[in-house]
Amino acid sequence: LVPVYLGACTMKDKLVSAAATAVAVFAAVQGSGAAAANVPTTNQNPTYAFTYTAEQQNWMSAVEGDNLEAVFVYAGDVEFYCRGSPTSVDGGGASPEDLACTFEGDSPNAFVYYSDFAKNASAAFKAAGKQVYINFDGRITPKVMSFVPDFSKLSATAISEFANATAAHVCNDPNVDGMAWDVEPFSNNQVSFFSQLDKHITACGKRWGVFAFGESFNEEMWTTGLGQSGFLFDSTYDLDCTAEQLPPNGCQPCQCTPPAVYETVLTEHLASVMALAKQYAKPYMLMVSGSGSTQLYEECTTSTCSGAGGGPVYNATCPYTMADWMEKAVKVFDTAGVKNDPNFEGIGVYGWTTTNGGGFSPVVPPSANLDVLASAGYLPYASPTHDNRVASVPKPVRASQHHDGNKCIVESDIKTCPQHYMVGSPMNVQV
């Protein structure tokens, strides 16, 4: 079975149709002080619905019905028809490797899309008083899913045009407060692009974030890459773990990660993220798995793990609910004291989609899962509380023969780089 990318059209079609820490807090406040410690001080850090906007579904009723005050609208994908791209099975054939990429002029061959129906969704959410960010996605690897070349193949001119084309969508839309970037996998050879993107976004007074594992960022990315207006949009799911933590294979796509194991690896991951954010004085948001993702799901409906780049399906069903994992997530967040971390800027809930979620279900967050967030004080806001004590402890060390805490050992090798998969994206519909 191979992916069918409903979002991928021919270049001609597109031109016609598209608008072209270690921190852990052990503040177990007892007696009457415990209640006060859990009271939010203000409505800060809104929780975002991460939606995949479709032509007939803007997710307005879901966002309002679930009491969410902010939203990520799926703007569109990133596609290149140059430098050997696309290599996707649905890309129509690879372009010549020596064909230079351009986003400008009468004959562009590289595109960042923001569809008209996504623009309409942004306008509707803004009119409803929501905070609105738009999200762009795309694939660099694996090759059978790729429409984007490795950034090392792009000239300085192409990088400049790329950053400008992306920022223009954000800066030119008064209904948009910022953007997220989900072109995967992240690599530190993309710093030049992000640096230039940051200059544009900063100039128009907006914000932007990169969906990635915080441990993957090198010093240059934390400083130069994120610049003045960038933030880490950290994934708290699809986390790596060792064979010792989850025998015999470690954490794998299409294999259920037991909630107890998830709690352990998330604790380690979050400690690293908070420590790095503190070290570089940069903001971060946390994305949680509200609906099915590659390791946290209730059912996998594909016979192979095609929604996560291929491989076996270890578990067709999981003996857990999405709420079981969310309970572990908020427990880890509370223990780490994220609400009172000055670098923390909120939660994103993945994801609302009209697709089959790459075969991982449920494809929208169940109400019981969102109830966990609300009961724990993470919805509609994850505001700081009256208890502002945050205590630092030594950074935990994770050891594995293949992985280093979700940080790529060899960035070009997807087998040694923990992967995200945009299972809800229109670019990742599985049959």
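In the stretch 89-193, a dipole from Cβ-located charges (positive for Lys and Arg, negative for Asp and Glu) runs towards its positive end, and of 103, 145, 133 it is 133 whose Cα lies farthest in that direction. Carbon-plus-sulfur accessible fraction, the stretch 180-328 (probe radius 1.4 Å, protein heavy atoms only): 49%. Computed with a 1.4 Å probe on the full set of protein chains, the accessible area for residue 371 sits at about 90 Å². Ranked by solvent-accessible area (1.4 Å probe, protein heavy atoms only, all chains present), the residues 328, 199 order from largest to smallest as 199, 328. Once you reduce the stretch 152-190 and the stretch 337-374 to the center of their Cα atoms, the two points are 25 Å from each other. Per residue, the Cα convex hull of the stretch 196-280 amounts to 108 Å³. If the segment from residue 315 to residue 56 were pulled out straight at 0.36 nm per residue, it would be longer than the present Cα-Cα gap by 90.0 nm. Accessible area ranking (1.4 Å probe, heavy atoms, ligands and nucleic acids excluded), largest first, for 143, 119: 143, 119. By the Kirkwood approach, averaging reciprocal distances over each pair of separate Cα atoms, the stretch 41-191 gets a hydrodynamic radius of 16.5 Å. Take the convex hull of the alpha carbons in the stretch 330-378; its mean projected area over all directions comes to 4.2 nm². When the pairs 143/282; 206/331; 199/282; 130/328; 153/206 are compared against a 25 Å limit on Cα-Cα distance, 143/282; 206/331; 130/328; 153/206 fall above it. Each 10 Å bin from 0 upward holds the following percent of the Cα-Cα pairs of the stretch 287-358: 17, 42, 27, 13, 1.
Toward the positive end of the charge dipole of the stretch 303-385, with +1 on the Cβ of Lys and Arg and -1 on the Cβ of Asp and Glu, the farthest Cα among 381, 355, 315 is that of 315. In this structure the stretch 51-124 gives 40 Å² per residue of accessible area when probed at 1.4 Å with all protein chains present.
The values are calculated or read from the model by the stated rules, or taken from the named source; none is laboratory data. Keep in mind the model is a prediction, meaning the values are calculated, not measured. Note that each Cβ is placed from the backbone with ideal geometry, even for glycine, and that neighbours are counted across all protein chains shown. Surface areas here come from the heavy atoms of the whole protein model, side chains and all, with no ligands, DNA or RNA. Shrake-Rupley method; radii C 1.70, N 1.55, O 1.52, S 1.80 Å.
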